[in-house]
Amino acid sequence: METTARDLVRSALIDAIGWQRSLGDAYEADTPERRDAREQEAAYRRLLKRRYKTDRTPMESAMDGAPSVTIQELIKRLTTP
């Protein structure tokens with residue numbers, strides 16, 4: 001399957017959103033760096049919305065309706081035969 005320019009742009013935007021979100025999360029609350037990262041994430045999402053009619057990433061859409069599971073529950077599920 002050949003990757004189109006549109007697919008490439010979407011993939012790059014999704015990667016950038018994840019990067020900026022991680023960067024924002026790495027800083028303490030309300031630092032200038034955190035605000036800058038969150039503003040950039042918002043700008044990427046506006047671009048996604050304008051270009052693709054949604055500001056949600058494919059992973060966010062795939063997680064709709066998925067139940068939340070704690071780390072302890074995951075460990076229990078993995079270690080119980």
**Study point:** Whichever residue in the range 1-27 is over 15 Å from Thr57 (Cβ atoms) and either part of a loop (DSSP other than H, G, I, E, B) or among the small types (Gly, Ala, Ser) (or both) and, among such residues, is modelled with the lowest pLDDT
**Key:** Met1
Review point. Just a yes or no: is a residue in the range 28-51 aromatic (Phe, Trp, Tyr) and either touching a residue at least 40 places away in the same chain (Cβ under 8 Å) or not in a helix (DSSP H, G or I) (or both)?
Key: no
Check your understanding: Within the range 52-81, restricting attention to residues that are in a helix (DSSP H, G or I) and within 17 Å of the chain's Cα centre (by Cα), which residue is nearest to Arg10 (Cα to Cα)?
Key -> Tyr52
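The values are calculated or read from the model by the stated rules, or taken from the named source; none is laboratory data. Only a predicted model underlies this, so the values are computations on that prediction, with no experimental measurement involved. When we count neighbours, we look across all protein chains shown, and the Cβ atoms used for this are built from the backbone with ideal geometry, even at glycine.
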